[in-house]
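J.: This is the structure, below, for whatever I ask next.
The values are calculated or read from the model by the stated rules, or taken from the named source; none is laboratory data. Because the structure is predicted, anything quoted here is derived from the model rather than measured. All Cβ positions, even for glycine, are placed from backbone atoms using ideal geometry, and neighbour counts span all protein chains on display. Side chains included, ligands, DNA and RNA excluded: accessible areas come from the protein's heavy atoms. Shrake-Rupley method; radii C 1.70, N 1.55, O 1.52, S 1.80 Å.
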Amino acid sequence: MVRLAPDGSRSVVLTAADGLTSPTSVAVHRGTVLVTSAAFAPPPDPNVLTARLHR
């Protein structure tokens, strides 16, 4: 997952090392980011990752 800043700069915030596999959707609510992964690629392990936004 990549964060896009207001100035257009980008930074990687979640990768496969964090458990991200085939992300299918993202939701943001009050500083919390939820990312669902369908895990179509092996190993099949569908999950939901939760991350906090820090400004």
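J.: If I compute solvent accessible area with a 1.4 Å probe over the protein chains, what percent of it on the chain is carbon and sulfur?
T.: Ligands and nucleic acids excluded, carbon and sulfur give 59 percent.
J.: Could you sort the peptides 1-7, 18-24 by per-residue average Cβ neighbour count (10 Å cutoff), highest mean leading?
T.: 18-24, 1-7
J.: Could you compute how fast the chain diffuses translationally, taking Rh as the Kirkwood radius over C-alpha pairs and applying Stokes-Einstein at 25 °C with viscosity 0.890 mPa s? Give it in µm² per second.
T.: 205 µm²/s
J.: Once the piece of chain linking M1 and R52 is laid out straight, how much longer is it, given 0.36 nm per residue of separation minus the C-alpha distance between them?
T.: So the chain would gain 17.0 nm between M1 and R52.
J.: Pull out the extension gain between S11 and F40, defined as 0.36 nm times the separation in residues minus the alpha carbon to alpha carbon distance; nm, one decimal.
T.: Fully extending the segment from S11 to F40 adds 8.0 nm.
J.: Just to verify a number: what accessible area does S25 come out at with the full protein assembly present, 1.4 Å probe, Å² rounded to tens?
T.: For S25, solvent-accessible area is about 60 Å².
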